[in-house]
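Here's the structure, in structure tokens; my notes come after.
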Amino acid sequence: MRAMDLVFFGIQGSGKGTQAARLAGEFGYEIFEAGGELRKIAASSTTLGQTVKSYIDVGHLVPHKIIMQVVKEAVRKHPKSAKLIFDGIPRDPDQMRDFDAIMADAKRPFTCIHFLLNDEEAVRRLIGRAKIQGRADDAKTETIRRRMETFKTKTLPVIQEYDRQGRLIEVDGSRNIEDVYKDVQKMMKQKKW
Ligand code: AMP
């Protein structure tokens, strides 16, 4: 049986992107990063790019149709043999419904990992990241707060639903990158998914 795809959850700054990159290197996963894909579109000088940018800049979710089209296209263009990590999707119950359908159609079973981190530590990490990566949406406290609020009101219910379905693994994301990765690696090796 092919390895399952993984869907990463965690508040902004929880380190899921970093963990995804390491897992990709070691176990041959390809990463679909929703925010990254949308930032690429936002950088293009098209009407769609301008629309997407206007949402990212203030920390609101980009409209459903746009993000789901991007995800659908990404799933379609990967062969079934590719192992994927999804980072940043699904982020609300509507996205979850469509994401589940896209994955079921493509016959891609998946397991979810939630990287747990408290708010204060998340804000601290994001402000540090803004200095390194120059991301405008990480530098403004108001935008950070809005994204965290969205995470709590819209994404947490999705995580809870996957948990209820028995498809969720939780990892303590407050520790350093190496220790978090050791946990993830251990789970990979024990084939917890
Ligand atoms: P992130 O890099 O995950 O912090 O995402 C940056 C921004 O991209 C978010 O604040 C949203 O504006 C947009 N974004 C990322 N993922 C999604 C998604 N699944 N649905 C809608 N908008 C998204």
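The values are calculated or read from the model by the stated rules, or taken from the named source; none is laboratory data. Predicted model, so just to flag it, every value in this text is computed and none were measured. Cβ sites come from the backbone with ideal geometry, for glycine too, and all protein chains shown count toward neighbours. Each accessible area value is taken on the protein alone, full model and side chains, heavy atoms only, with ligands, DNA and RNA left out. Shrake-Rupley method; radii C 1.70, N 1.55, O 1.52, S 1.80 Å.
Figures for the structure shown
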quantity: Answer residue from the range 1-19, given it is within 21 Å of Gln95 (Cα to Cα) and among the hydrophobic types (A, V, I, L, M, F, W, C) and is surrounded by the fewest Cβ atoms within 10 Å (Cβ to Cβ) among those; calculated: Met4
quantity: Residue tally, condition surrounded by fewer than 15 Cβ atoms within 10 Å (Cβ to Cβ) and either within 11 Å of the ligand (Cβ to nearest atom) or within 21 Å of Phe86 (Cα to Cα) (or both), over the range 38-50; calculated: 1
quantity: Residue match in the range 128-142 (condition: hydroxyl-bearing (Ser, Thr, Tyr), at pLDDT below 85 and more than 17 Å from the chain's Cα centre (by Cα)); calculated: yes
quantity: Members of the range 116-138 found to be without any contact (Cβ under 8 Å) to a residue 60 or more places away in the chain and not in a helix (DSSP H, G or I), listed by number; calculated: Asn118, Gly134, Arg135
quantity: Selection within the range 1-14 - in contact with a Phe, Trp or Tyr (Cβ under 6 Å, 6 or more places away or on another chain) and under 19 Å from Val123 (Cα atoms); calculated: Gly10, Ile11, Ser14
quantity: Residues (of a type outside the set (Val, Ile, Thr), assigned to a helix (DSSP H, G or I) and open to solvent by 80 Å² or more (accessible area, probe 1.4 Å)) located in the range 139-162; calculated: Glu142, Arg145, Glu149, Lys152, Lys154, Gln160
quantity: Matching residues, the range 171-193, being outside any helix (DSSP H, G or I), surrounded by fewer than 14 Cβ atoms within 10 Å (Cβ to Cβ) and on the phi < 0 side of the Ramachandran plot; calculated: Asp172, Asn176, Gln190, Lys192
quantity: First in the range 49-76 and among the basic types (Lys, Arg), second anywhere and near the ligand (Cβ under 9 Å from one of its atoms), Cβ under 7 Å, 6 or more apart; calculated: Lys53/Ala42
quantity: So His60, is it modelled with pLDDT under 95 and under 18 Å from the mean Cα position of the chain (by Cα); calculated: yes
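Conditions tested, residue by residue: (1) closer than 20 Å to Ile31 by Cβ; (2) crowded, with 19+ Cβ neighbours inside 10 Å.
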position	(1), (2)
Val58	no, no
His64	no, no
His78	yes, no
Ser81	yes, no
Met96	yes, yes
Ala106	yes, no
